[in-house]
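These notes concern the structure reproduced below.
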Amino acid sequence: MKNRPAGSGLALVGVGSMLTSMIAAGFLLGYGLDSWLDSRPAFMVLFGGLGLVGGFLKVYKLLSRD
């Protein structure tokens with residue numbers, strides 16, 4: 001078992017909300033762009049997927065810190 005600093009658990013409290021907010025931000029940006037261009041929801045799906053990937057990468061970086 002590794003010795004961890006006393007405050008290391010506090011950094012992991014917001015991991016779920018960070019993932020959710022990145023996905024939601026991607027969808028909202030895509031929705032805004034689709035509304036502005038009056039197009040089908042292609043940008044919403046694209047930016048939502050990018051938010052999902054970016055959120056997973058951010059969570060992975062936070063969880064893999066030693």
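Only the coordinates and a few stated rules stand behind these numbers; no lab work does. Worth saying up front: this structure is predicted, and the values here are computed from it rather than measured.
Tabulated values for the structure
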| read-out | value |
| --- | --- |
| Residue-by-residue Karplus 3J(HN,Hα) for the stretch 16-24, coefficients 6.51, -1.76, 1.60, Hz, glycine and proline x | x, 5, 5, 4, 5, 5, 5, 5, 5 |
| Additional length obtainable on full extension of the chain from Thr20 to Leu33, 0.36 nm per residue less Cα span | 2.7 nm |
| Extension reserve of the Leu57-Leu12 stretch, reckoned as 0.36 nm per residue once the Cα distance is removed | 14.8 nm |
